């Protein structure tokens, strides 16, 4: 009887160990999945103004430049927060920092949905930028902490997919909500999602290798010294990657985040929902292009060449998207997809940056690269709005400024110029030793 009891106990213990072992193997994927949901959420919030431009201009009585500035407060705050997000994640507990960042996003969405004043809306949009500044850096940091070095590149490849799925959900589904409920109600739903995600992250995620008291183990974090930051900033390749990142990603951020939908509605006589469905083609192409270019990438030189191919494809298709407006809509959709797919090569700048710098500073270097996106985005969205106002013919419908196709084509000329400069950055980077 005693022998039988011991054998049963051993079997139970073996089963428990097997379950714990399986959970240990799957747990990193749970962590990275929640980080991916944060990246998803970031892009829903970032592109949300694109499906409510008319509503926002009417509610806050602003012109093109005013709307551009309102949307760009997200990037102003994002840019500043990026300077701190990387070093903070490299130094302190990712669990509580990321939880707080997600919660800030959710509460900011509630504030934006309930405000009646432009000032409060701008502050709410800015806090969205502060919170989402941690999204990309958090994903990259957690992939380094929870996965083996030979798995990191593969895991990082899913970031672009998660982000673009979020951007797609910020188009058709959100446009549907705005059309059938209101822009305020749709943002309330966004706020609820953020709060639920923050609570889930707090309850399910733990920091890597904790001490008995639950605090983060000292060996898991590198103290960032001022000399380390100076070393990163003095690396010319880091700056070329930062500038390339900003120049390459801004056309997607501008078309998908604010000015693409109204341009498509005007140029192709589409409804808001139809325009959102075409904009989704950009993000779908990006979601395919990111892993595709990553799969074929080899050494650093090879990935730079592939990025040049992708950026060149994006440049050609973007010119056709903006100026060849009489093409059939099915060709237009293909061009949008190819544009997004070409820009999927942009994701390689993160893996390049991590290879060119010490892995212990992954959060800091990814944050530096992300400042390029925020800097160019914060300048470009209001600048395009200003150009639209300059060439505006004075047409107003229901108190909202209405711009012509020619107005949009003049203002959006900035975007192909950005991609041309991005190609030059890649050429310079390829020539550096």
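The values are calculated or read from the model by the stated rules, or taken from the named source; none is laboratory data. Source: prediction; values computed, not measured. Cβ coordinates were reconstructed from backbone atoms using ideal geometry, including for glycine residues, and neighbour counts include every protein chain displayed.
Quick notes on this structure:
- Residue in segment 287-298 that is within 22 Å of the chain's Cα centre (by Cα) and closer than 22 Å to residue 175 by Cα present: yes
- You will find that of 83, 37, 79, 89, the residue that is modelled with pLDDT of 85 or more and surrounded by 14 or more Cβ atoms within 10 Å (Cβ to Cβ) is 37 and no other.
- Check on residue 264, crowded, with 24+ Cβ neighbours inside 10 Å, assigned to a helix (DSSP H, G or I), touching a helix residue (DSSP H, G or I) at 6+ places or on another chain (Cβ under 8 Å) and without any contact (Cβ under 8 Å) to a residue 60 or more places away in the chain: yes
- In the condition set (1) surrounded by fewer than 23 Cβ atoms within 10 Å (Cβ to Cβ); (2) on the phi < 0 side of the Ramachandran plot; (3) over 18 Å from the mean Cα position of the chain (by Cα), residue 281 is compliant with all but (3).
- For segment 353-376, the criterion of being assigned to a helix (DSSP H, G or I), modelled with pLDDT of 85 or more and in contact with a helix residue (DSSP H, G or I) (Cβ under 6 Å, 6 or more places away or on another chain) is satisfied by at least one residue.
- Taking segment 31-64 as the range and being over 23 Å from the mean Cα position of the chain (by Cα) and assigned to a helix (DSSP H, G or I) as the test, the residues that pass are 54, 55, 57, 58, 59, 60, 64.
- Only residues that are buried (at least 17 other Cβ atoms within 10 Å of the Cβ) and more than 20 Å from residue 163 (Cα to Cα) were counted across segment 334-344, and they come to 1.
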